[in-house]
Amino acid sequence: MTQDNKLSLAEKYWDYFKIGAAVNVNDFSGIQGELLKTHFNSITAENAMKFGEIHPEEDRYDFEKADAMKTFAKSNNILMRGHTFVWHNQTSNWVFTDKNGREASRELVLERLTQHVKIICDRYKDIVYAWDVVNEAIEDKSGQQYRETAWRRILGADYIQTVFEIVKAQDRKAALVYNDYNNEHPEKLEKTCHMLEILLKNGTPVDSVGIQAHWNIRDISLIDNLKRAIERYAALGLKIQVTEMDVSMFDFNDRRNDLKLPTDEMLELQAQVYDDIFSVFRQYKEHVTSVTFWGISDAYTWKDNFPVFGRKDWPLLFNVSGAKKAAFDRVVDFYE
Ligand code: XIL
């Protein structure tokens with residue numbers, strides 16, 4: 001038993017893929033810090049490296065948090081994922097506004113983005129093995145291919161290729177990732193493959209697809225969808241990174257908020273779902289290069305405020321006290 005207590009998730013998966021967690025600067029001490037050091041060999045800044053956080057004003061970068069993450073990672077043999085360059089959220093308006101308060105030109109936004117990418121890559125590329133270059137560019141609405149964003153409006157229809165080329169010019173080593181949610185769902189999978197085929201045909205330096213994996217215990221199509229998605233992306237010659245995994249206790253449309261604790265039935269179902277998911281990841285280990293959880297333990301998760309503000313959720317492998325849940329035991333319970 002003592003041996004089991006020491007069992008490290010990242011070590012157990014050493015021959016498979018990296019095991020990551022999304023982090024904040026207050027995660028580096030106490031129980032969260034111990035969990036990170038024991039079980040993870042990759043971290044992603046949950047917010048600190050987003051454009052609006054790290055570069056809030058044109059002439060001001062705020063590197064403090066990202067630097068602290070890099071220091072922690074370095075001293076604990078952990079690598080980082082860089083999240084994220086081009087996204088419609090958490091990007092300050094100054095990027096898209098000129099000095100007269102009008103919408104900035106394509107040239108100006110390109111110049112700003114290039115400068116931003118250069119500064120971030122120069123500072124972090126020694127520890128970052130993958131960049132989420134473009135995040136969530138596909139439209140969810142049926143029949144529409146791309147999300148209408150300021151980036152797309154200003155940079156033009158081929159902006160995704162342009163952005164990948166900008167990042168590639170600054171970091172030739174890291175994996176460049178297109179990251180999105182629900183991109184294992186059949187319709188979004190088709191849209192994503194359509195986009196990727198065009199990008200690849202045009203020689204865009206895209207290496208991997210990021211499957212965010214914000215999932216839940218009630219999705220009965222998940223496993224079939226996931227296998228099909230991995231096969232489709234792999235057939236394009238791309239690797240897969242699971243970038244923001246959590247398995248919520250609630251179906252996305254379930255807005256009820258009356259639970260203080262997860263029920264035994266929920267915890268058991270969650271363990272089963274995690275078991276099934278990780279079996280698929282292992283089966284496709286040639287293609288899957290990292291699996292990152294969007295948090296460390298149930299003590300803190302963004303799901304506590306999304307999609308229902310203030311509703312406690314328990315989507316991770318460690319409970320609110322940092323103890324292993326049944327889901328953890330199932331994920332490490334394999335002999336291959
Ligand atoms: C979320 C963070 O977890 C929250 O703390 C923040 O308030 C909003 O963003 N897709 C992404 C992540 O790519 O960056 C998002 O992270 C969750 C959805």
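What the table shows:
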{"read-out": "Filtered residue count, segment 46-73, keeping only those that are within 15 Å of the ligand (Cβ to nearest atom) and under 16 Å from Val117 (Cβ atoms)", "value": "7"}
{"read-out": "Residue within segment 268-275 that is within 30 Å of Ala48 (Cα to Cα) and away from the ligand (no atom under 16 Å from the Cβ) present", "value": "yes"}
{"read-out": "Condition check for Val242: buried (at least 18 other Cβ atoms within 10 Å of the Cβ), within 16 Å of the ligand (Cβ to nearest atom) and of a type in the set (Val, Ile, Thr)", "value": "yes"}
{"read-out": "Top-ranked residue in segment 282-298 [being over 22 Å from Leu35 (Cα atoms) and not acidic (Asp, Glu); ranked as surrounded by the most Cβ atoms within 10 Å (Cβ to Cβ)]", "value": "Val288"}
{"read-out": "Residue within segment 111-133 that is under 24 Å from Lys239 (Cβ atoms), more than 16 Å from the ligand (Cβ to nearest atom), at pLDDT 95 or above and surrounded by fewer than 16 Cβ atoms within 10 Å (Cβ to Cβ) present", "value": "yes"}
{"read-out": "Where a residue in segment 311-322 is farther than 17 Å from Glu265 by Cβ and its partner, wherever it lies, is at pLDDT 95 or above and of a type in the set (Ser, Thr, Tyr), with Cβ under 6 Å and at least six apart", "value": "Leu316/Ser297; Phe318/Ser297; Gly322/Ser297"}
{"read-out": "Tally, over segment 113-161, of residues that are in contact with a His (Cβ under 6 Å, 6 or more places away or on another chain) and over 25 Å from Ala73 (Cα atoms)", "value": "1"}
{"read-out": "Residue check, Asn76 away from the ligand (no atom under 16 Å from the Cβ), exposed (fewer than 13 other Cβ atoms within 10 Å of the Cβ) and more than 16 Å from the chain's Cα centre (by Cα)", "value": "no"}
{"read-out": "Qualifying residues in segment 24-45 (those that are surrounded by 23 or more Cβ atoms within 10 Å (Cβ to Cβ) and within 11 Å of the ligand (Cβ to nearest atom)) - the one farthest from Leu79 (Cα to Cα)", "value": "Ala45"}
{"read-out": "Number of positions in segment 144-179 that are away from the ligand (no atom under 13 Å from the Cβ) and in a strand (DSSP E or B)", "value": "3"}
{"read-out": "Filter result (away from the ligand (no atom under 16 Å from the Cβ), of a type in the set (S, T, N, Q) and farther than 26 Å from Glu268 by Cα) within segment 199-239", "value": "Asn202, Thr204"}
{"read-out": "Residue within segment 168-182 that is of a type in the set (A, V, I, L, M) and within 17 Å of Asp224 (Cβ to Cβ) present", "value": "no"}
{"read-out": "Condition broken by Met1, with the remaining ones in (1) modelled with pLDDT under 95; (2) crowded, with 16+ Cβ neighbours inside 10 Å satisfied", "value": "(2)"}
{"read-out": "Members of segment 141-168 that are free of Cβ contacts under 8 Å to residues at least 24 places away in the same chain and over 16 Å from Val86 (Cα atoms)", "value": "Lys141, Gly143, Gln144"}
{"read-out": "Options Ile211, Ile160: the member that is at pLDDT 95 or above, over 23 Å from Leu317 (Cβ atoms) and among the aliphatic types (A, V, I, L, M)", "value": "Ile160"}
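The values are calculated or read from the model by the stated rules, or taken from the named source; none is laboratory data. The shown structure was predicted, so the numbers you read here are calculated from the model rather than taken from an experiment. As a convention, Cβ positions derive from the backbone with ideal geometry for all residues, glycine included, and neighbour counts pool all protein chains shown.
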